[in-house]
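Undergrad: Right, I'll just put the structure down here and ask away after.
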């Protein structure tokens, strides 16, 4: 059986931790920073782990990242 392919979009946007959780960048920081509050920008730094429902979707597109 041939190898399964990983979705290129997921490969670029997500990483998995050693415990199997999916890590992603915080949303809402591409543009429009002037209208956002300082609290929002401060809390949106770095990365975050996805919710279980979203994690399931991403893992289905990354067959070897388990």
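Rule-based calculations on the coordinates, nothing more; no lab input. Keep in mind the model is a prediction, meaning the values are calculated, not measured. A quick note on method: Cβ atoms are made from the backbone with ideal geometry, for glycine too, and the neighbour counts reach across all protein chains shown.
Undergrad: Which residues, taken from the range 16-66, are surrounded by 12 or more Cβ atoms within 10 Å (Cβ to Cβ), in contact with a strand residue (DSSP E or B) (Cβ under 8 Å, 6 or more places away or on another chain) and assigned to a loop (DSSP other than H, G, I, E, B)?
TA: Selection gives 21, 26, 50, 62, 65.
Undergrad: Moving on to the next point. Being free of Cβ contacts under 8 Å to residues at least 40 places away in the same chain and in contact with a helix residue (DSSP H, G or I) (Cβ under 8 Å, 6 or more places away or on another chain) is the requirement here; does residue 32 meet it? Break it down stepwise before answering.
TA: Details: free of Cβ contacts under 8 Å to residues at least 40 places away in the same chain: yes; in contact with a helix residue (DSSP H, G or I) (Cβ under 8 Å, 6 or more places away or on another chain): no.
For residue 32, the condition - free of Cβ contacts under 8 Å to residues at least 40 places away in the same chain and in contact with a helix residue (DSSP H, G or I) (Cβ under 8 Å, 6 or more places away or on another chain) - is not met.
Undergrad: Just to be sure before I move on: is residue 4 more than 10 Å from the chain's Cα centre (by Cα) and in contact (Cβ under 8 Å) with a residue 24 or more places away in the chain in the structure I sent? Please lay out each step first, then the result.
TA: Working: more than 10 Å from the chain's Cα centre (by Cα): yes; in contact (Cβ under 8 Å) with a residue 24 or more places away in the chain: yes.
Spelling it out, residue 4 is indeed more than 10 Å from the chain's Cα centre (by Cα) and in contact (Cβ under 8 Å) with a residue 24 or more places away in the chain.
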